[in-house]
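Student: This is the structure I have questions about; it appears just below.
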There are 2 protein chains.
Amino acid sequence: MKTIPVVENVLKLNDEVALLNRRQFTQAGVFVVDLIGAPGSGKTALLEATLKALAGRCRTGVIVGDPATSRDGERLGRYCEQVVQVNTGHGCHLDANQVRQAMGRLNVTDLDLLFIENVGNLICPVGFDLGQNAKVGLFSVSEGDDKAAKHPHLVLTADVLLLNKIDLLAYVSFSRDRFMEDIRHLRADAEVIELAASKGLIKAWIDWLLPRCRTR
Amino acid sequence: MKTIPVVENVLKLNDEVALLNRRQFTQAGVFVVDLIGAPGSGKTALLEATLKALAGRCRTGVIVGDPATSRDGERLGRYCEQVVQVNTGHGCHLDANQVRQAMGRLNVTDLDLLFIENVGNLICPVGFDLGQNAKVGLFSVSEGDDKAAKHPHLVLTADVLLLNKIDLLAYVSFSRDRFMEDIRHLRADAEVIELAASKGLIKAWIDWLLPRCRTR
């Protein structure tokens, strides 16, 4: 009887392409950040502030994923020469192949730092390796203090966790203690940085980023 | 040569189970709402306020989906006898089969109104019929005014759209005009209801809900 090939693991195929991406990024000497957060957590606002802060210090590029529109790409294009927008349609995350296609539109050898703004979603993007050097998980206080506990896979696999919109703490119900307790319960060593990206309060994040970028 | 059966369309299988769910809901005379929104858009807060407002007027139940924890189920269990929590793990949406399993833990014949709080995600839940009567899309002002444009499939298929957290309008950058313009561009007849669920400001939503529930 003829053996029928079965694709058992779509993630395995993804991982093979991610490995190619990672090799190319390493050869180019670019540090790559996969930024994962819910819709409206402030990923684009964080990247706007970050690109502004890094201007003249670091050559930056962005691959930005969204189900529809090129708005984020347009917002980020003001602060950075190399931006590619990927529209995923019904797709709820970026995969390594989409990143590879986007890389074909960039000159990665001219970059020190490449941000991949993933599709707004706290679940599926976590499972797909893109070839990044660092996975960054972004939460925001307006989402409520239970989001780390509800998304353990992101907490367990992120290189750093960011808590955005701390300027809204006075206006929403959010317990920092409870949020941090949930994170520590999952992972005692997790690094958490507080931000207010839309107010430009991102110094600790830039301090985290710059040495990683410069050691490439 | 042996013919190998191929599952061509996982959505087709889902739709068959959704049809069974819908038949059972109809027979039970229960009106079923599939509530879709981003993580932190206020789905659980809205249901808390809704269950409180409907107490004594309508027999309510909830199926609540989350990647992890039973926190939402516990919150809602205070206001409603029949609550089932579904933990989806790596799954980013509920499917008809999960709802069917949850229905086995409920007495649907004793309900007038069943809410299905979907997993926090604006993309995948939209594509999966659960057997509901109404699909409700929830946005919130703290997410930014671009979320309708970025999630056209939800806007195009929802029976009603809700805009939550209008109490935060003074503290965040959100243009109502831009949000509404994007919605009207996709769909001129879309119905949009503004809310502040955590402040109990949900009257227009209750007014939308009650006649639908009572005509069953």
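Just so you know, all these numbers are worked out from the coordinates, no wet-lab data involved. Computed from a predicted model, the values in this text were never measured in an experiment. All Cβ positions, glycine included, derive from the backbone under ideal geometry; neighbour counts span all protein chains shown.
Student: Provide the FRET efficiency to the nearest 0.05 for the residue B:90-residue A:90 pair, computing r from the beta carbons and using R0 = 25 Å. Provide the component values of the computation, followed by the final result.
Tutor: Values: r = 18 Å, r/R0 = 0.73.
According to the calculation, E is roughly 0.85.
Student: In percent, how large is the relative contact order of chain B, given Cα pairs closer than 8 Å and 6 or more residues apart? Present the calculation step by step, with values, prior to reporting the outcome.
Tutor: Working: 421 pairs, mean separation 54.7, N = 216.
Across chain B, relative contact order equals 25 percent.
Student: Starting at the first residue of segment A:64-81, write each ³J(HN,Hα) from the Karplus equation 6.51 cos²θ - 1.76 cosθ + 1.60 with θ = phi - 60°, in whole Hz, x for Gly and Pro.
Tutor: Karplus-based 3J(HN,Hα) across segment A:64-81 equals 10, x, 8, x, 7, 6, 10, 4, 5, x, 5, 4, 7, x, 5, 10, 7, 5 Hz.
Student: A further question follows. Any idea how far the Cα center of segment B:91-110 sits from the one of segment B:38-75, in Å?
Tutor: Segment B:91-110 and segment B:38-75 have Cα centres separated by 15 Å.
Student: Report, by chain and number, residues whose modeled amide H sits under 5 Å from the one on residue B:162, excluding near sequence neighbours (fewer than 5 apart, same chain).
Tutor: Long-range HN contacts for residue B:162: B:137, B:138, B:139, B:193.
Student: Also: If you rotate chain B onto chain A, whose Cβ in B ends up lying nearest the axis, and how many Å away is it?
Tutor: B:142, 2
Student: Can you work out the FRET efficiency for the pair residue A:12 and residue B:26, with r the C-beta to C-beta distance and R0 = 41 Å, to the nearest 0.05? Don't jump to the answer; show the numbers that get you there.
Tutor: On the way: r = 43 Å, r/R0 = 1.05.
Using R0 = 41 Å, I get an efficiency of 0.45.
Student: What are the distances, in nm and sorted shortest first, from the label point of residue B:56 to the label points of the same position in each other copy, with each label point placed 7 Å from Cα along the Cα-to-Cβ direction?
Tutor: Here the equivalent label points are 6.7 nm apart from this one.
Student: Something else about it: Given +1 on the Cβ of Lys and Arg, -1 on the Cβ of Asp and Glu, and no further charges, what dipole in debye does the protein assembly as shown carry about its Cα centre, rounded to the nearest 20? Numbers along the way, then the final one.
Tutor: Values: 52 positive and 52 negative charges, 13 e Å.
I would put it at about 60 debye.
Student: Short version: ³J(HN,Hα) in whole Hz for each residue of segment B:117-125, in order, from phi by Karplus 6.51 cos²θ - 1.76 cosθ + 1.60 (θ = phi - 60°), x for Gly and Pro, what are they?
Tutor: With coefficients 6.51, -1.76 and 1.60, one gets 7, 6, 4, x, 4, 9, 10, 4, x Hz.
Student: Also, I was wondering about something else. Hey, got a sec? Which chymotrypsin sites (Phe, Trp or Tyr not before Pro) in segment A:104-174 land in a DSSP loop and have at most 11 other Cβ atoms within 10 Å? Can you show the working numbers first?
Tutor: Details: sites: A:115, A:128, A:139, A:171, A:174; in loops: A:128, A:171, A:174.
Hits after loop and neighbour filter: nothing returned.
Student: Would you work out if segment A:12-66 is rounded, prolate or oblate? Take a ≥ b ≥ c from the square roots of the eigenvalues of the alpha-carbon gyration tensor; rounded if a/c is under 1.5, else prolate when a/b is larger than b/c, oblate otherwise.
Tutor: Numbers: a/c = 3.72, a/b = 1.30, b/c = 2.85.
The shape class here is oblate.
Student: Still on this structure, I have one more. Given the convex hull of the Cα atoms of the protein assembly as shown, what is a quarter of its surface area in nm²?
Tutor: Working: hull surface 91.7 nm².
If I average the Cα hull's projected area over directions, I get 22.9 nm².
Student: For residue A:134 and residue A:74, calculate 0.36 nm times their separation in residues minus their Cα-Cα distance, and state this gained length in nm to one decimal.
Tutor: Working: separation 60, 0.36 × 60 = 21.60 nm, distance 2.44 nm.
In short, 19.2 nm is gained.
Student: May I ask you to list the GluC sites (Glu not before Pro) in segment A:117-216 that are in a DSSP loop and have at most 15 other Cβ atoms within 10 Å of their Cβ? Before the final figure, lay out the partial values.
Tutor: Numbers: sites: A:117, A:143, A:181, A:191, A:194; in loops: A:191.
Hits after loop and neighbour filter: A:191.
Student: Hey, for residue A:206 with labels 7 Å out along Cα-Cβ, what do the inter-copy distances come to in nm, ordered shortest first?
Tutor: 4.9
Student: What does the extension gain come out to for residue B:57 and residue B:191, with contour length at 0.36 nm per residue minus their alpha carbon separation? Working shown, then result.
Tutor: Details: separation 134, 0.36 × 134 = 48.24 nm, distance 2.44 nm.
Here the segment from residue B:57 to residue B:191 would lengthen by 45.8 nm.
Student: In the structure shown, do any of A:135/A:203; B:150/B:199; A:150/B:43; B:43/B:150; A:12/A:52 have a Cα-Cα gap over 25 Å, and if so which?
Tutor: B:150/B:199; A:12/A:52
Student: Can you list, shortest first in nanometers, how far residue A:159 lies from the same residue in the other copies, with each label 7 Å from Cα toward Cβ?
Tutor: For residue A:159, the other copies' label points sit at 4.7 nm, shortest first.
Student: Let me ask another. Residue A:101 versus residue A:81, label points 7 Å from Cα toward the beta carbon: distance in nm?
Tutor: Here the answer is 2.6 nm between the modelled labels.
Student: List the residues, sorted by chain then number, that are 5 or more residues from residue A:85 or on another chain and whose placed amide H is less than 5 Å from its amide H.
Tutor: A:64
Student: Additional query: Quick one: give the max-minus-min coordinate of the C-alpha atoms of chain A along each principal axis, largest first, in Å.
Tutor: Over chain A, Cα extents along the principal axes are 65, 47, 34 Å.
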